[in-house]
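The values are calculated or read from the model by the stated rules, or taken from the named source; none is laboratory data. Computed from a predicted model, the values in this text were never measured in an experiment. Note: ideal-geometry Cβ built from the backbone for every residue, glycine included; neighbour counts use all protein chains shown. Calculation scope for accessible area: heavy atoms of the full protein, side chains included, ligands and nucleic acids excluded. Shrake-Rupley method; radii C 1.70, N 1.55, O 1.52, S 1.80 Å.
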Amino acid sequence: MKILVPVKRVIDYNVKPRVKADGSGVDLANVKMSMNPFDEIAVEEAIRLKEAGSAEEIVAVSIGPAKAQETLRTALAMGADRAILVQTDDEVEPLAVAKILKAIVDEETPGLVILGKQAIDDDSNQTGQMLAALLGRPQGTFASKVVIEGDSVSVTREVDGGLETVKLAMPAIVTTDLRLNEPRYASLPNIMKAKKKPLDNKTPADYGVETAPRLKTLKVSEPPVRQAGIKVEDVDALVAKLKEMGVA
Ligand code: AMP
């Protein structure tokens with residue numbers, strides 16, 4: 001079985017985003033970029049399935065600028081076998097990403113596609129679901145456990161009330177939640193080896209997908225600054241203060 005893992009290059013999760021002075025978006029100049037954390041979990045899960053003998057090949061794919069190659073090299077250094085970069089400088093929205101991924105799935109016929117549950121830049125939480133709909137295949141989103149059982153995959157999902165387990169006929173789409181696993185770091189020898197692994201260069205046009213945005217960003221602004229808190233002596237003082245503020 002082949003596993004396809006889409007990985008997105010996003011602003012590093014440790015960086016505090018700054019809004020551009022003209023309010024047109026987030027300032028990405030000289031900002032550290034990394035693989036979307038949920039996608040690292042997806043790569044890790046694919047590697048564990050391969051190590052367990054459930055998969056033979058892991059293909060990583062990224063849709064984005066030339067620099068997204070670095071993200072793919074990270075996936076290769078972690079343990080993916082080959083990579084596809086679908087290069088574009090446009091901002092590609094989840095529907096267009098899902099359409100490109102569908103075309104790649106049609107070509108590569110993986111048994112599983114493991115995506116992150118959301119990209120931490122747009123927080124859309126849409127691509128996996130849209131891909132499953134376009135392919136007409138089952139989906140198991142927010143996975144905290146993935147077990148291959150013959151031609152099916154059993155996915156334990158993190159839902160509001162606790163955990164839900166669903167059994168999906170493969171080929172299937174899975175999206176990862178935070179507790180699924182702890183991704184490994186790529187070792188130096190593996191980073192060196194990853195440089196020699198195959199990386200295909202494509203464009204959205206190669207897959208016949210139009211990436212022009214359907215949404216227009218009107219304005220991006222910083223969240224309101226939080227007021228400093230105050231300390232009260234005891235419960236009576238707290239109640240009095242809440243009454244004074246009109247909230248009790
Ligand atoms: P989103 O729906 O944008 O929150 O993204 C959910 C998941 O879809 C991510 O965690 C990735 O696995 C995948 N994805 C989204 N955008 C891209 C992209 N440009 N390139 C590769 N994978 C992507």
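Have a look at Asp206, Asp160 and point out the one that is modelled with pLDDT of 95 or more and of a type outside the set (A, V, I, L, M, F, W, C).
Being modelled with pLDDT of 95 or more and of a type outside the set (A, V, I, L, M, F, W, C) holds for just one of Asp206, Asp160, which is Asp206.
Please state which one of Ser154, Ser124 is over 22 Å from Pro94 (Cα atoms) and among the polar types (S, T, N, Q).
Every option except Ser154 fails the conditions.
Cβ contacts < 8 Å: first residue among the acidic types (Asp, Glu), restricted to the stretch 49-66; second residue within 13 Å of the ligand (Cβ to nearest atom), any location; separation 6+ or different chain. Result?
Glu57/Ile3
Which of the residues belonging to the stretch 12-48 are of a type outside the set (Lys, Arg), touching a residue at least 40 places away in the same chain (Cβ under 8 Å) and more than 16 Å from the ligand (Cβ to nearest atom)?
Of everything in the stretch 12-48, those that are of a type outside the set (Lys, Arg), touching a residue at least 40 places away in the same chain (Cβ under 8 Å) and more than 16 Å from the ligand (Cβ to nearest atom) turn out to be Val19, Gly23, Ser24.
Inside the stretch 187-206, can you point out the residues that are exposed (fewer than 12 other Cβ atoms within 10 Å of the Cβ) and not charged (D, E, K, R)?
Once the filter is applied, which keeps residues that are exposed (fewer than 12 other Cβ atoms within 10 Å of the Cβ) and not charged (D, E, K, R), the stretch 187-206 yields Ser187, Leu188, Pro189, Met192, Pro198, Ala205.
What do you reckon, is Arg73 assigned to a helix (DSSP H, G or I), more than 11 Å from the ligand (Cβ to nearest atom) and under 26 Å from Met170 (Cβ atoms)?
no
When the residues of the stretch 207-234 are filtered to those that are open to solvent by 100 Å² or more (accessible area, probe 1.4 Å) and more than 35 Å from the chain's Cα centre (by Cα), which remaining residue is farthest from Asp106 (Cα to Cα)?
Glu233
Cβ-Cβ below 8 Å, separation at least six or inter-chain, first residue in the stretch 171-186 and of a type outside the set (A, V, I, L, M) and open to solvent by 10 Å² or more (accessible area, probe 1.4 Å), second away from the ligand (no atom under 11 Å from the Cβ) and part of a strand (DSSP E or B): which pairs?
Pro171/Leu112; Asp177/Phe142; Asp177/Ala143; Asp177/Ser144; Asp177/Arg157; Asp177/Glu158; Arg179/Ser144; Arg179/Glu158
Determine, yes or no, whether Glu91 is surrounded by fewer than 19 Cβ atoms within 10 Å (Cβ to Cβ) and near the ligand (Cβ under 10 Å from one of its atoms).
The answer is yes for Glu91.
Pairs please, first residue from the stretch 113-141 and within 10 Å of Thr175 (Cα to Cα), second anywhere and among the acidic types (Asp, Glu) and within 8 Å of the ligand (Cβ to nearest atom), Cβ atoms under 7 Å, 6+ apart in sequence or on different chains.
Note: pairs meeting the criteria are Gly116/Asp39.
Output the number of residues of the stretch 239-248 satisfying the condition of being open to solvent by less than 80 Å² (accessible area, probe 1.4 Å) and assigned to a helix (DSSP H, G or I).
The qualifying residues number 4.
Taking the residues in the stretch 98-137 that are more than 9 Å from the ligand (Cβ to nearest atom), open to solvent by 40 Å² or more (accessible area, probe 1.4 Å) and in a loop (DSSP other than H, G, I, E, B) as candidates, determine which candidate is nearest to Ser154 (Cα to Cα).
Checked the stretch 98-137; the qualifying residue nearest to Ser154 (Cα to Cα) is Arg137.
Is one or more of the residues making up the stretch 60-68 within 15 Å of the ligand (Cβ to nearest atom), outside any loop (DSSP other than H, G, I, E, B) and modelled with pLDDT under 95?
No, the stretch 60-68 contains no residue that is within 15 Å of the ligand (Cβ to nearest atom), outside any loop (DSSP other than H, G, I, E, B) and modelled with pLDDT under 95.
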